[in-house]
1. Among the residues of region A:1-53, write down those that are assigned to a loop (DSSP other than H, G, I, E, B), more than 8 Å from chain B (Cβ to nearest Cβ) and charged (D, E, K, R).
2. B:SER133: farther than 15 Å from B:LEU80 by Cβ and in the same structural domain as B:ILE99 (by TED's automatic domain parsing), yes or no?
3. Name the single residue, out of those in region A:332-361 being polar (S, T, N, Q) and open to solvent by less than 70 Å² (accessible area, probe 1.4 Å), that is farthest from the chain's Cα centre (by Cα).
4. For the subset of region A:440-471 comprising residues that are in contact with a Pro (Cβ under 6 Å, 6 or more places away or on another chain) and either part of a loop (DSSP other than H, G, I, E, B) or open to solvent by 10 Å² or more (accessible area, probe 1.4 Å) (or both), which member is nearest to A:ARG342 (Cα to Cα)?
5. If you take the residues of region B:158-179 that are within 23 Å of the chain's Cα centre (by Cα) and exposed (fewer than 14 other Cβ atoms within 10 Å of the Cβ), which of them is farthest from the other protein chains (Cβ to nearest Cβ)?
6. From the residues in region B:38-54 that are open to solvent by less than 50 Å² (accessible area, probe 1.4 Å) and free of Cβ contacts under 8 Å to residues at least 24 places away in the same chain, which one is farthest from B:ASP22 (Cα to Cα)?
7. Taking helices (runs of 4 or more DSSP H) that do not extend beyond region A:73-176, which have at least 2 residues that are closer than 28 Å to B:ASP187 by Cα and under 22 Å from the mean Cα position of the chain (by Cα)?
8. Could you tell me which residue of region A:394-426 is nearest to the other protein chains (Cβ to nearest Cβ), considering only residues that are under 23 Å from B:LEU30 (Cα atoms) and charged (D, E, K, R)?
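The values are calculated or read from the model by the stated rules, or taken from the named source; none is laboratory data. A quick note: this is a predicted structure, and the numbers were derived from the prediction, not measured. So basically every Cβ, Gly included, is an ideal-geometry build from the backbone, and we count neighbours across all protein chains shown. Just the protein is used for accessible areas: all its heavy atoms, side chains included, with ligands, DNA and RNA removed. Shrake-Rupley method; radii C 1.70, N 1.55, O 1.52, S 1.80 Å.
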Amino acid sequence: MAGRTLYDKLWDSHLVTQRDDGSALIYIDRHLLHEVTSPQAFEGLALAKRKPWRLSANLATVDHNVPTENQSAGVQAIEDSTSRLQIETLDQNCQSFNVIQFKMGDPRAGIVHVIGPEQGATLPGMTVVCGDSHTATHGAFGALAHGIGTSEVEHVLATQCLVAKKMKNMRVTVTGPLGFGVTAKDVILATIAQIGTAGGTGCAIEFAGEGIQSLSMEGRMTVCNMAIEAGARVGLVAVDEKTIDYVKGRPFAPRAEDWGRATEAWTNLVSDSGAYFDYEILVDGTLIEPQVSWGTNPEMVTGISGHVPDPQLDDDPIRRGSIERALKYMGLEPNQPIESIRLDRVFIGSCTNSRIEDLREAARVVDGKCVAESVIQAMVVPGSGLVKEQAEKEGLDIIFREAGFEWRDPGCSMCLAMNSDRLGPGEHCASTSNRNFEGRQGAGGRSHLVSPAMAAAAAIAGHFVDVREWL
Amino acid sequence: MQKFIKQTGLVAPLDRSNIDTDQIIPKQYLKSIKRTGFGVSLFDDWRYLDPGEPDMDHSVRRLNPDFVLNDKKLAGATILLARDNFGCGSSREHAPWAILEYGFKAVIAPSFADIFFNNSFKNGLLPVVLTESEVDTLFGLADAEIPIEISINLETQQVTGPNNFSASFDIDVFRKTCLLEGLDEIDLSLKDTDAINAYETRRAIEAPWLFRE
């Protein structure tokens, strides 16, 4: 038998039935739910008088639309009545359907893609879905994980399965070693800049090579998280010792009697040598420098030593038009040095970069310094209540506060700006989030995607700087 | 689910690539717990000159005269034409809900983002993939002063239009059948209840840790 890729193995082990028409049913081990994409699914389930197929597969939390201040005052204190109703609706649905939920204010609550791995609810070899495109994050554990729409949320609740068609296999090999001060975020931004926002459409991307293996589990999560920004619903990293060490002892991880068998099975979660990939991409990790996005989609990215591009130099009329429109929206000039971009706000958070290592990386840069006077607001939003607790134990909150950062409660916050954390029109933001689309962080807002260290340095300097000179 | 068999209608040409779901329906409208009410906010940031919030009366907002959907000649358009990678970004199904509620029945583009593509089928919105040059031709035709009407026939998988425009498109058999017959996917999947049960039994022996309560 020909060698199989990691994705092939995960697909094969979850195939319930292959139908004659080319579609298939695949089994879902873990279903994560949040308040924004689930209410219509629960409503559909109730209307059809259906019940969740396997309750214990589901885990819910609130993240997209929660306030990041004063969560301890409870849901009743949320001023925006539409937001309050959405959060209450999830609480009610979880109660009436008996779904396990971490409510707002529970220390275990937080961004769904932070808490899944943190709780051990995401395990190697699982299929994981959630009504959120950044579900790709969980692929860092050698799990087949991807975002779904609300109809599919209802479908998974009702059947524990998804109707699926097998994706193509793509391998992105990042060579190493990565340069000093270069982070997982820089790796994935440089990769997207290379292959484009539709480069992985229809594919499951396995990230491999020294540049990936050398990353911590949290770094691998950052990489897989943004697979969707390269068009791929699925990002994957093969299981190794780091994976197993990370999972061990977490609340939902296999218990002692299962641990040996589970880890034995997990060690097989790698692509076989000679496995066939439809597409092979090589990224030279040794050349990557800290990255900054200058445009309005995540492929519009360059290194910190670079310049804003000149649309006149692009031969392709559609691309030239896109660059021109992006520069107009972003208020940037062709050939402007990246370091000359001044920031109005700084956001450190999101499912891409809000874990403890991200906060440590930012705090190290900030320690003993002050946010520039020209910066209106710099905020740190931890990914979960537990990340927040850990950071406070390490005194990171004090470092941030003393430097002039706001220290918030967990949630998605300014990554998508559903709550009141948002940019004003025309404001430039150094953001550790994942999307720089027009209006993403607030109508008219201008987002620049960067790593936590780069965001921290930009907050201090008031404009982008090469953080490597600060480390 | 709403059926889709054949659609003849006006084409609204939205000449941009990488149209993301944040543009299709901005986040502030995602606070709603309903499936309806999104059509009036479709392409909100491009369509209106003033910022939009969920509870406002959208009929009194200032329309952006430069935005193609505000061209009165295109009122009642049922087919949206766009460039590469339409629907990229978040998984929000509010995007196809908004497009459908506005009145579109189909979107034509050279490529679609995976999740949007999938979500469309679940709601009876047909995403049609044509080649770059076919899409170019349609943009050329639709550029004229007088709007054009085209037909999309799902049964024959053909798009036809003025100047003898004719193009065929691919679609999965399963998705085609679901659209033509308006089938409920959950009902269909539950017909495989025995297979799902058998899988769970087998898997619980192979990987018992996945099934502990």
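1. Within region A:1-53, A:ARG4, A:ASP20, A:GLU35, A:LYS49, A:LYS51 qualify.
2. Values: farther than 15 Å from B:LEU80 by Cβ: yes; in the same structural domain as B:ILE99 (by TED's automatic domain parsing): yes.
Judged against the criteria, B:SER133 is a match.
3. Our first condition is that a residue be polar (S, T, N, Q); within region A:332-361, this holds for A:335-336, A:340, A:350, A:352-354.
Restricting the remaining residues to those that are open to solvent by less than 70 Å² (accessible area, probe 1.4 Å) gives A:336, A:340, A:350, A:352-354.
Working: A:GLN336: 29, A:SER340: 28, A:SER350: 7, A:THR352: 4, A:ASN353: 7, A:SER354: 9 Å.
In this case the residue turns out to be A:GLN336.
4. Filtering region A:440-471 for residues that are in contact with a Pro (Cβ under 6 Å, 6 or more places away or on another chain) and either part of a loop (DSSP other than H, G, I, E, B) or open to solvent by 10 Å² or more (accessible area, probe 1.4 Å) (or both), the one nearest to A:ARG342 (Cα to Cα) comes out as A:GLY444.
5. This residue is B:SER166.
6. First, pick out the residues of region B:38-54 that are open to solvent by less than 50 Å² (accessible area, probe 1.4 Å): B:38-39, B:41-44, B:46-48, B:50, B:52, B:54.
Still in the running and free of Cβ contacts under 8 Å to residues at least 24 places away in the same chain: B:44, B:46-48, B:50.
Numbers: B:ASP44: 9, B:TRP46: 11, B:ARG47: 13, B:TYR48: 15, B:ASP50: 17 Å.
Restricting to residues being open to solvent by less than 50 Å² (accessible area, probe 1.4 Å) and free of Cβ contacts under 8 Å to residues at least 24 places away in the same chain, the top hit is B:ASP50.
7. Values: elements: A:81-97, A:112-119, A:150-159.
It comes to A:150-159.
8. A:ARG422
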